[in-house]
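Please read the structure below before turning to the comments.
The values are calculated or read from the model by the stated rules, or taken from the named source; none is laboratory data. Since we're looking at a predicted model, the values are computed, not measured. As a convention, Cβ positions derive from the backbone with ideal geometry for all residues, glycine included, and neighbour counts pool all protein chains shown.
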Amino acid sequence: MKALVLGGGVIGVATAYYLAREGCEVAVVEQQDGVGREATASNAGILAAGHAFAWASPRAPAQLLRSLLGQETAIRVRLRPDPRLYAWGYRFLRECTAERARRNTLVKLRLCQYSQAVMADLVRREGIAYHAIARGALYVYRDPAELEVGARKMALLSAHGQRQEILDPDAVAKLDPVFEPVKHKIAGAVRDLTDSSGDARLFTEELARVCREKLGVAFHLGTRVQGLRAQGDRITGAVTDRGVLTADAYVLALGVQSPLVARTVGVRLPIYPAKGYSSTFPLRPGGLAPTVPGVDEQWLVAWSRMGDRLRLTSTAEFCGYDWRWTPRDFANVLRLARDLFPDAADYTRGEYRACLRPMTPGGPPILGAGRHRNLFFNAGHGHMGWTMACGSARIVADLIVGRTPELGLDGLAVRAAAAT
Ligand SMILES: Cc1cc2nc3c(=O)[nH]c(=O)nc-3n(C[C@H](O)[C@H](O)[C@H](O)COP(=O)(O)OP(=O)(O)OC[C@H]3O[C@@H](n4cnc5c(N)ncnc54)[C@H](O)[C@@H]3O)c2cc1C
């Protein structure tokens, strides 16, 4: 079978890998000159089943309202004349009940856990190095009352298989000495023991190398997909700026651009961008730097170490397809860096960028086929795509070759059906 994977982010490349291992003849189409250059290149790097909570929760509407009133909030929205924002926002608000938040969280958690297992197997088999750190992740709180709320919230995940512990400031500093000089600033942390971190772009590049050299996958880099062609219930080609490419099966893995291309064959995918800010700093030789990835749950900044660099990310802003940033957008990241890790990195030599998370209203991604029998979606992984990549790719590859995926599709297949 000939398969064409549209998109060379971590999701597309992982899908190409599993399809090629099934014996398919695979090609990947990617607009950039290399793989993993968009959201994949900018994320916080945390493989974080322990952070699988759905953003659409009973607390979210009040946060959005406060954001509209100009206050600093975890999720922000900037109103703009974009009907897609309002249509998506309406569906997001419908997911904000306690019952739906719980269900969406558990669907995401199950996929994350499956993905971590599948990824471990892949990494072992192919010997992929990606600056992995397997020491859990720290969800740090500055306020004791918030720590208590956080620990209660985390109980949902530990009741469903996550191994977690609550650490006081001394225990946090014992685990990661970077906290020793600043432990008076924190109330403690929830540590998820099964979380880990690594460089998603490096992983994607290395996996692409395996795909090319070992499995014969072709990469059409610098090639932009402009649309799809359909006849009846089948896709007949992908139109690119270098001509039409054809295959037996097509995988849509274009991150935030997936709905724009799906629309060309009348399919509406409920995916909207949530902008985040990503910064990377060179570590200072001999400096005290974090050795465990984490998130400051109050200041809402995530960090992880990637080789000799420190990655810090923050913010979720619904403002459309807008990749612009100003130095002010990184004020929060730099405030945290200087507050908790003053000695870790050279903060005058940062690489800064904005990037877009492909969010669905409820949180779980869209996997599987819709109304066209040979068009398969693997998109909408939101804030968790690095964690979910290998599992989602394996599921979609299974569906394409006609095998029942190991992971039950409740909550995921429903999404695919709802997408068309
Ligand atoms: C600030 C931030 C922090 C994050 N932190 C984490 C984290 O800690 N843990 C985690 O699990 N996830 C995290 N994520 C989420 C994760 O990065 C994404 O979910 C994931 O990268 C999505 O992968 P993707 O392959 O779908 O998208 P992308 O990486 O964006 O890949 C899509 C690819 O398609 C290509 N493309 C798009 N349109 C076209 C076209 N028309 N023609 C050809 N090619 C095209 C793009 O160039 C791109 O390479 C974070 C995201 C952000 C923004």
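Against the test of being more than 10 Å from the ligand (Cβ to nearest atom), outside any helix (DSSP H, G or I), modelled with pLDDT of 95 or more and more than 24 Å from Q113 (Cα to Cα), the options A3, A54 yield a single qualifying residue, A3. Selection over region 368-380 of residues that are within 27 Å of A74 (Cα to Cα) and either in contact with a Gly (Cβ under 8 Å, 6 or more places away or on another chain) or more than 9 Å from the ligand (Cβ to nearest atom) (or both) gives a count of 2.
Could you please find all residues in region 310-361 being away from the ligand (no atom under 14 Å from the Cβ) and within 21 Å of L260 (Cβ to Cβ)? Result: G320, R324, P361. Within region 303-316, residues that are in contact (Cβ under 8 Å) with a residue 24 or more places away in the chain and in a loop (DSSP other than H, G, I, E, B) reach partners that are of a type outside the set (S, T, Y) and more than 10 Å from the ligand (Cβ to nearest atom) with beta carbons closer than 6 Å, at six or more positions or on different chains, in the pairs G307/H131; D308/L283. Applying the criterion of being of a type outside the set (S, T, Y) and crowded, with 24+ Cβ neighbours inside 10 Å to the residues of region 202-214, the residue that is nearest to W303 (Cα to Cα) is F203. When restricted to residues that are more than 16 Å from the ligand (Cβ to nearest atom), of a type outside the set (A, V, I, L, M) and touching a strand residue (DSSP E or B) at 6+ places or on another chain (Cβ under 6 Å), region 57-77 contains 2. Screening region 25-79 for residues that are over 19 Å from G8 (Cα atoms) and among the β-branched types (V, I, T) and picking the one that is surrounded by the most Cβ atoms within 10 Å (Cβ to Cβ) gives I46. Scanning region 10-39 for residues that are within 7 Å of the ligand (Cβ to nearest atom), touching a strand residue (DSSP E or B) at 6+ places or on another chain (Cβ under 9 Å) and not acidic (D, E) turns up I11, G12, V29, Q31, V35, A39. Close Cβ contacts (under 6 Å, 6 or more residues apart or on different chains) running from residues in region 19-32 that are over 19 Å from K214 (Cα atoms) to residues that are within 16 Å of the ligand (Cβ to nearest atom) and hydrophobic (A, V, I, L, M, F, W, C) comprise E30/L221.
Given the condition touching a Ser or Thr at 6+ places or on another chain (Cβ under 8 Å) and away from the ligand (no atom under 16 Å from the Cβ), answer yes or no: does some residue in region 183-206 qualify? No, region 183-206 contains no residue that is touching a Ser or Thr at 6+ places or on another chain (Cβ under 8 Å) and away from the ligand (no atom under 16 Å from the Cβ).
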